[in-house]
1. If I filter the range 24-69 down to residues being among the aromatic types (Phe, Trp, Tyr) and in contact with a helix residue (DSSP H, G or I) (Cβ under 8 Å, 6 or more places away or on another chain), which single residue comes out as surrounded by the most Cβ atoms within 10 Å (Cβ to Cβ)?
2. It is to be established whether one or more residues within the range 72-91 are without any contact (Cβ under 8 Å) to a residue 12 or more places away in the chain and either within 22 Å of residue 123 (Cα to Cα) or basic (Lys, Arg) (or both).
3. Output the residues belonging to the range 104-132 that are under 20 Å from residue 2 (Cα atoms) and aromatic (Phe, Trp, Tyr).
4. List the strands (runs of 3 or more DSSP E) that sit entirely inside the range 1-100 and contain at least 1 residues that are of a type outside the set (Gly, Ala, Ser) and farther than 17 Å from residue 140 by Cα.
5. Do we find that residue 90 is polar (S, T, N, Q) and either at pLDDT below 95 or closer than 21 Å to residue 25 by Cβ (or both) in this structure?
6. Could you tell me how many of the residues in the range 123-157 are at pLDDT 95 or above and either within 23 Å of residue 25 (Cα to Cα) or within 19 Å of the chain's Cα centre (by Cα) (or both)?
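The values are calculated or read from the model by the stated rules, or taken from the named source; none is laboratory data. As the structure is a prediction and not an experimental result, all values here were calculated from the model. Neighbour counts are summed over all protein chains in view; Cβ atoms, including those assigned to glycine, are modelled from backbone coordinates with ideal geometry.
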Amino acid sequence: MPIPLVVPDASVLLKWVLPSDDEPDADKALLLRAAIVDEAVRALLPALWLYEVGTTIARRFPTHASECLSALMKFDLEEAPRSHPWLAKTLDLTRRFDVSFSDAAYHALALLHNGLFVTADSRYVNQVSEAGSVIALSEWQPPRTRAPRPGTKRSPP
């Protein structure tokens, strides 16, 4: 059975490193992060993720920006290469639903790679739900854990 693919956007990634007191659904974001680390799901991102996250962190937490961004970079998240199909799908979503290019960029990856775009932006989800492959972070559920393959060790909880 293939590992499910998720495309978390900047709104989700920020919750991995920002103080959880003022971040709604931070618990869900951390569950998603754990699922990625445990390889229960595979993450794929457009290259623009670091610029989006970096802009927010540098403005809101300038004294901690370097450590927050370094922590995110340590996850070594897979970035999808730019492609003409990705660009075409991104532009199509932007035009059809009147959404930003950056939001559509994440969603287009999920659509092209049979994955699920996960965002904390429920307004975006409502606006583009008919396109499919999108879910609000508050609604995302971690996959059921599978029994480890013989000869593999599961990491402790």
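1. Pass one, the range 24-69, residues among the aromatic types (Phe, Trp, Tyr): 49, 51, 61.
Those still in the list that are in contact with a helix residue (DSSP H, G or I) (Cβ under 8 Å, 6 or more places away or on another chain) too: 49, 61.
Numbers: 49: 22, 61: 14.
Looking at the filtered set, the residue picked out is 49.
2. Looking for residues that are without any contact (Cβ under 8 Å) to a residue 12 or more places away in the chain and either within 22 Å of residue 123 (Cα to Cα) or basic (Lys, Arg) (or both), one finds at least one in the range 72-91, hence yes.
3. Selection gives 117 alone.
4. Working: elements: 5-8, 42-46, 78-80.
Ranges flagged: 42-46, 78-80.
5. Details: polar (S, T, N, Q): yes; either at pLDDT below 95 or closer than 21 Å to residue 25 by Cβ (or both): no.
Here the answer is no, as residue 90 does not meet what is asked.
6. Step one: list which residues in the range 123-157 are at pLDDT 95 or above, which gives 123-140.
Applying the additional criterion that residues be either within 23 Å of residue 25 (Cα to Cα) or within 19 Å of the chain's Cα centre (by Cα) (or both) yields 123-129, 131-140.
Number satisfying all stated conditions: 17.
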